[in-house]
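Report on one structure; see the data block that follows.
The values are calculated or read from the model by the stated rules, or taken from the named source; none is laboratory data. As the structure is a computational prediction, the values presented were derived from the model and not from experiment. Quick reminder, even Gly has a Cβ in these numbers, built from the backbone with ideal geometry, and neighbours come from all protein chains shown.
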Amino acid sequence: MPIEITNPAVGRAAAPAALTGFYAGLPVFDSFEHLTDPSIYTPLPAGWLIGTSDIVRSTAAIEAGRYKVVNTAAAAVIVAVANALKNNDFPFVFGGDGAGFALPPELHDLAAEALAEVATWVRDEFDLDLRVALVSIDTLRERGFDVQVARFAPSTHVSYAMFTGGGLAYAERQMKAGEFAVPPAPVGARPDLNGLSCRFEEIRAENGLILSLIAIPASPEVDLATFNAVVADILRLAERGHGGSRPIPEGGPSLAAPFKGYGIERKALQKPGLAGALGLAARRLVSYAIFALNRPVGNFDPTRYRQQLVDNTDFRKFDDGLRMTLDCTPALADALERRLAEAERKGIVRFGLHRQEAALMTCFVPSATRSDHIHFVDGAMGGYAMAARALKPQD
C-alpha cells in the first residue's frame, strides 16, 4: 500500500456528466439484505456499455498456486478504468478471476483502451490470457436481457455496484464464446495501475474455514421472486451471528513482510525501470515501518486506515446472483449447502461452494490519506473461481 502524504481532495477530476447524472445520482443502500428487492435497481440508460473480463483457464492457474496473480489480473481491469476516470465512481464488480463494469457511451474509447492494455499487460507479465469484451446495453436488450444497477455502501466511505437483469451474466457467457471481443493492445502497452497492491498476509479463518459461495438462477425462466427468496434465506443463515462473519478480523489483517508480494506490485508500475523499482522498494519499507510503529505520520493514521479497510471491504455482492466470502464454522457451511441443495433440487438455483483455510485481499489505494480505498476479498485457495467450477450443472 503506497503511503502518500497528500491532500485527500487531490487526485479527483470532474466526473463525466453521464456518471454524475446517472450513477452518482442513484440512492445508496447500506443494508445488504435489501439487494434482493427489485425496486432498488435502476436500468442503465440507453447506449451505456458493459465491459467484461475473464482469465482463460483460471482453474489451472489456481491449481498451480497462482491465485494471487489471478486476483491481481482481475482487479487490474477495475483499477485501469478507475485511474483513467481520475478515480471518479463508476459501477463495477470483482469476480475473483474476472471483472465487469458499466460506462456511458461517450467513454467507449477509454473503456476499450483500458481493457486492451490490461489484456496485454496480463499476457506479457504473467503469461495468462485475459479475455476482454465490450458491448452496448442496447444489444443486450435486443436479445432479451437487461442490466439494472444499485449502489450498496458497506461503509460511509465507499459504495459498490450491484447488478441484476441477466445482462451482465449473458455478456460474460458470450465473451467466453468469442463475441464482443476487444483485441489486446500492442506489445509493451501498459495500463495505469497506480494504487493496485496488497501488502497484507493471507487472512486465516477464525471460525473454522473460509467459504466462497456463488448462487445463480437455475435458468433464465426461473421466477426472480422465488430466486430472491432463496437468497434472502442464505443471507439470514449467514448473518444470524451463529458461526459466521466477514472474513476480515477487527483491526484488519496482519501486514506482510516488506518485500512479500513485491514482484507482483513491481509488475504494475507504469515505468518499470530501475528507478521505479527502487522507489517502490523504498515506499514499501516506509509503509511497513509506519504500520509496525502504529503512529500517525502527517495526514496518515495507520489505526484509522485499518478500521477503514475493515469497513470498506467488498466480501459480498450481487451480480445476477449472490457471491459471498465468509469466515464460518463447518456447521454453518453445511447448513448453507443444505439450503442451496434443496433449492437446486426444486430447479431454482445453481450453486457452487469452495472451502479453504484462508482469505486473500487485493487492494486499490489511489491515496492512503483518502478514506475511499477499496479492498477485494476472495478465498486464498481458489475462492470464487473454484466455486464457479463447482456450480451444479444445468439439466
Open item on the list: I need every pair where a residue in the stretch 304-317 that is part of a helix (DSSP H, G or I) has its Cβ under 6 Å from the Cβ of a residue that is among the polar types (S, T, N, Q) and surrounded by fewer than 22 Cβ atoms within 10 Å (Cβ to Cβ), sequence separation at least 6 or different chains.
Closed with: 308/371; 311/155; 312/155
TODO: Would you confirm whether any residue within the stretch 343-363 is surrounded by 22 or more Cβ atoms within 10 Å (Cβ to Cβ), touching a Cys at 6+ places or on another chain (Cβ under 7 Å) and not hydrophobic (A, V, I, L, M, F, W, C)?
DONE: yes
Open item on the list: Suppose the filter is over 24 Å from residue 27 (Cα atoms), more than 14 Å from the chain's Cα centre (by Cα) and not in a helix (DSSP H, G or I); does residue 118 pass it?
Closed with: no
Open item on the list: Every residue in the stretch 144-157 that is of a type outside the set (Val, Ile, Thr) and surrounded by 23 or more Cβ atoms within 10 Å (Cβ to Cβ), please.
Closed with: 150
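Only residues that are touching a residue at least 40 places away in the same chain (Cβ under 8 Å) and touching a helix residue (DSSP H, G or I) at 6+ places or on another chain (Cβ under 9 Å): list them for the stretch 330-352, please.
332, 335, 336, 339, 340, 343, 348, 349, 350, 351, 352
Looking for whichever is within 21 Å of residue 95 (Cα to Cα), within 21 Å of the chain's Cα centre (by Cα) and surrounded by fewer than 16 Cβ atoms within 10 Å (Cβ to Cβ) here; the options are 204, 246. Which one fits?
Result: 204 is the single residue among 204, 246 that is within 21 Å of residue 95 (Cα to Cα), within 21 Å of the chain's Cα centre (by Cα) and surrounded by fewer than 16 Cβ atoms within 10 Å (Cβ to Cβ).
Rundown of residues vs (1) over 16 Å from residue 365 (Cα atoms); (2) buried (at least 18 other Cβ atoms within 10 Å of the Cβ); (3) touching a Gly at 6+ places or on another chain (Cβ under 6 Å), yes/no style:
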| residue | (1), (2), (3) |
| --- | --- |
| 250 | yes, no, no |
| 256 | yes, no, no |
| 266 | no, no, no |
| 287 | no, yes, no |
| 292 | yes, no, no |
| 298 | yes, no, no |
TODO: Would you be able to say whether some residue in the stretch 177-184 is touching a strand residue (DSSP E or B) at 6+ places or on another chain (Cβ under 9 Å) and at pLDDT below 95?
DONE: no
TODO: Go through 131, 141, 123 for me and flag whichever is at pLDDT 95 or above, of a type outside the set (Val, Ile, Thr), surrounded by fewer than 22 Cβ atoms within 10 Å (Cβ to Cβ) and under 17 Å from the mean Cα position of the chain (by Cα).
DONE: 131
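I'm checking my understanding of the structure. Among residues of the stretch 185-203 that are in a strand (DSSP E or B) and in contact with a Pro (Cβ under 9 Å, 6 or more places away or on another chain), which one is modelled with the lowest pLDDT?
So, considering only residues that are in a strand (DSSP E or B) and in contact with a Pro (Cβ under 9 Å, 6 or more places away or on another chain), the one modelled with the lowest pLDDT is 197.
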